[in-house]
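The values are calculated or read from the model by the stated rules, or taken from the named source; none is laboratory data. Please read these numbers as outputs of a predicted model, since none were measured by experiment. Cβ placement follows ideal geometry from the backbone for every residue including glycine, while neighbour counts extend to all protein chains displayed.
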Amino acid sequence: MPSPHLCVTIGRPIQADHAPFDAIGKMAVRKKNPAKHKADEVLIPDKLYFRIGEVATLCHLPAYVLRFWESEFPQLKPVKSSTGQRMYRKRDVESVLRIKQLLYEQGFTISGARQQLRTESKTDKSQTAIPFPSHSASEIQHIRQGLREILNLLSVRRTG
């Protein structure tokens, strides 16, 4: 019977700013590299559709993450081609970038990000009223008179 061996992986020591706990035992806040996850700096090419590999490259995410997010976020629904290839539209890519920002930069959980996107979509749907031009009563009367004259001209042509 072979003797059991103990495997130990020796890595570099944990630096003080990366330690998971501080000296008191409280969870330390991890500092994020601001240049690492900049979703705002992604330039989306002007194309109608993007394949999943292109979106993965653009957003610096693996394709399996995108497929997982499709199951978790109802806003993310790429159409499928006749060959079954996922085809993302520009708004889908923008949604991926927003989800990435919520999860990776702002620290939301998946359910929290889903709720935040739902809230954002509700505020987007509440539109402001269309500003109709305000006319005085005399202007409206003048417009009505002009319309009546046009109606009279049209009715004269029909009968004449």
Practice problem: Any residue in region 69-82 that's within 15 Å of G53 (Cα to Cα): show its pairings with residues that are assigned to a loop (DSSP other than H, G, I, E, B) and of a type in the set (S, T, Y) at Cβ separation under 9 Å, as long as the two are six or more apart or on different chains. | Solution: P78/Y49; V79/Y49; S81/Y49
Quiz item: Is it true that some residue in region 23-34 is modelled with pLDDT of 95 or more, in contact with a helix residue (DSSP H, G or I) (Cβ under 8 Å, 6 or more places away or on another chain) and in a loop (DSSP other than H, G, I, E, B)?
Solution: no
Practice problem: Considering (1) in contact with a Pro (Cβ under 8 Å, 6 or more places away or on another chain); (2) touching a residue at least 40 places away in the same chain (Cβ under 8 Å), say which one K100 fails and leave the rest. | Solution: (1)
Quiz item: Just for region 105-146: of the residues that are among the polar types (S, T, N, Q), modelled with pLDDT of 75 or more and assigned to a helix (DSSP H, G or I), which one is surrounded by the most Cβ atoms within 10 Å (Cβ to Cβ)?
Solution: Q116
Practice problem: Give region 54-104 a look and list any residue that's surrounded by fewer than 13 Cβ atoms within 10 Å (Cβ to Cβ) and not in a helix (DSSP H, G or I), or say none. | Solution: P62, P74, V79, K80, S81, S82, T83, G84
